[in-house]
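Heads up, the thing below is written out as structure tokens.
The values are calculated or read from the model by the stated rules, or taken from the named source; none is laboratory data. Small disclaimer: the values here were computed from a predicted structure and weren't measured. When we count neighbours, we look across all protein chains shown, and the Cβ atoms used for this are built from the backbone with ideal geometry, even at glycine. Heavy atoms of the whole protein, side chains included, go into the accessibility calculation; ligands, DNA and RNA do not. Shrake-Rupley method; radii C 1.70, N 1.55, O 1.52, S 1.80 Å.
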Amino acid sequence: MSEATGTSPVVMVTGAAGNLGSAVVRELAANGTRLVCVEHNSEALEKLADSLPESSEILLIGGMDLADLTSCQEAVEKTLARFGRLDALANTVGGFQTGPVDETGVHQWDQLFHMNARTAYAISAAVLKPMQQAGYGRIVHVAAAPGLKAGANQAAYAASKGAVIRLTEAIAAENRDKRITANCILPGTIDTPQNRSAMPNAKTNSWVQPTDIAKLIGFLISPAGGIVTGAAIPATGRI
Ligand SMILES: NC(=O)c1ccc[n+]([C@@H]2O[C@H](COP(=O)([O-])OP(=O)(O)OC[C@H]3O[C@@H](n4cnc5c(N)ncnc54)[C@H](OP(=O)(O)O)[C@@H]3O)[C@@H](O)[C@H]2O)c1
């Protein structure tokens with residue numbers, strides 16, 4: 001329930017049709033949360049919406065590049081027009097590429113900063129305004145452990161996820177007295193079809209289930225999650 005009015009909260013999930021995003025959408029839809037599902041791929045979004053309980057209240061925003069600030073602001077405007085409020089953001093957009101610094105070139109650096117860091121910045125900037133006006137909000141980004149310390153072949157990925165962690169800390173500090181929290185999650189390898197096909201011989205029993213990360217996100221965006229802010233939380237264990 002939303003703290004302010006007792007009605008269902010409104011949560012924006014970005015990357016909503018992705019592996020983690022769709023798990024977050026299903027987890028929240030099952031709790032009666034009103035959802036704003038944001039995605040690149042409109043077709044994948046429609047398919048996801050068709051698989052949800054009929055009673056779900058959902059606004060679909062497809063064909064959107066989250067790295068574009070104007071598009072993010074428009075998505076927030078559509079959210080407010082439909083639901084009149086925006087309680088939380090669960091941002092799962094991001095991507096992964098590897099390679100040694102002397103071989104990959106600056107293109108990969110720019111691409112991963114665009115995909116991981118610029119997206120997180122743009123959507124944060126857009127959602128903060130209505131949250132500040134309401135005096136309540138929850139923001140969760142998805143970073144990764146290399147954002148704390150890079151390994152070989154991870155320069156661009158690690159630096160771009162490090163940027164997400166620093167962004168999260170700054171948002172938390174700027175909004176500490178406004179009842180708005182910002183946290184990010186550092187998942188271990190997520191059990192996805194793509195990872196299974198890329199690493200066919202891996203021991204998958206240490207991988208993290210998207211549904212378990214979705215539950216953690218569910219707590220962080222709840223009113224009770226207000227006790228946690230500015231954190232980079234490892235999600236590497238098992239339920
Ligand atoms: N998978 C892992 O093992 C792992 C480990 C640690 C951290 N993470 C992080 O966890 C998050 C979720 O991972 P995942 O495996 O669920 O990824 P995923 O399945 O690729 O989902 C990401 C979704 O975001 C969309 N997207 C990408 N760029 C976008 C943009 N600029 N605007 C709008 N939508 C965009 C993608 O659409 P398109 O496919 O159409 O581009 C995709 O549907 C990511 O931030 C990832 O970096 C993943």
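This table checks each residue for (1) open to solvent by 10 Å² or more (accessible area, probe 1.4 Å); (2) away from the ligand (no atom under 13 Å from the Cβ).
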{"position": "Ala134", "(1), (2)": "yes, yes"}
{"position": "Ala145", "(1), (2)": "yes, no"}
{"position": "Gln154", "(1), (2)": "yes, no"}
{"position": "Ala158", "(1), (2)": "no, no"}
{"position": "Glu174", "(1), (2)": "yes, yes"}
{"position": "Cys184", "(1), (2)": "no, no"}
{"position": "Gln194", "(1), (2)": "yes, no"}
- Message: When the residues of the range 222-239 are narrowed to those that are of a type outside the set (Ser, Thr, Tyr) and touching a Gly at 6+ places or on another chain (Cβ under 9 Å), which ends up most open to solvent (accessible area, probe 1.4 Å)?
- Response: Pro234
- Item | Tally of residues being farther than 18 Å from Gly95 by Cα and assigned to a loop (DSSP other than H, G, I, E, B) across the range 150-193 | 2
- So, of the residues in the range 6-26 that are open to solvent by 20 Å² or more (accessible area, probe 1.4 Å), part of a loop (DSSP other than H, G, I, E, B) and at pLDDT 95 or above, which turns out to be farthest from the ligand (Cβ to nearest atom)? Pro9
- Filter the range 160-172 for residues that are away from the ligand (no atom under 16 Å from the Cβ) and surrounded by 16 or more Cβ atoms within 10 Å (Cβ to Cβ) and give the result. Glu169, Ile171, Ala172
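One line per residue, one yes/no per condition, for (1) modelled with pLDDT of 95 or more; (2) more than 18 Å from Asn183 (Cα to Cα); (3) open to solvent by 40 Å² or more (accessible area, probe 1.4 Å):
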site	(1), (2), (3)
Gly62	yes, yes, no
Gln73	yes, yes, yes
Arg82	yes, yes, yes
Phe96	yes, yes, yes
Asp110	yes, yes, yes
Ala122	yes, no, no
- Task: With respect to Pro234, determine if the residue is part of a helix (DSSP H, G or I) and within 12 Å of the ligand (Cβ to nearest atom).
- Result: no
- Evaluate the following for Ser71: is it small (Gly, Ala, Ser) and over 15 Å from the mean Cα position of the chain (by Cα)? yes
- Message: Looking at Asn91, Asn31 in this structure, which one is in contact with a helix residue (DSSP H, G or I) (Cβ under 8 Å, 6 or more places away or on another chain), under 26 Å from Gln133 (Cβ atoms) and exposed (fewer than 14 other Cβ atoms within 10 Å of the Cβ)?
- Response: Asn31
- Message: Out of Glu39, Glu43, I need the residue that is free of Cβ contacts under 8 Å to residues at least 24 places away in the same chain and either under 28 Å from Tyr121 (Cβ atoms) or near the ligand (Cβ under 8 Å from one of its atoms) (or both). Which one?
- Response: Glu43
- Task: Being aromatic (Phe, Trp, Tyr) and in a loop (DSSP other than H, G, I, E, B) is the filter here, so list the residues in the range 194-224 that pass it.
- Result: Trp207
- Assess whether Gln111 counts as being away from the ligand (no atom under 16 Å from the Cβ), at negative phi and either more than 15 Å from the chain's Cα centre (by Cα) or not acidic (Asp, Glu) (or both). no
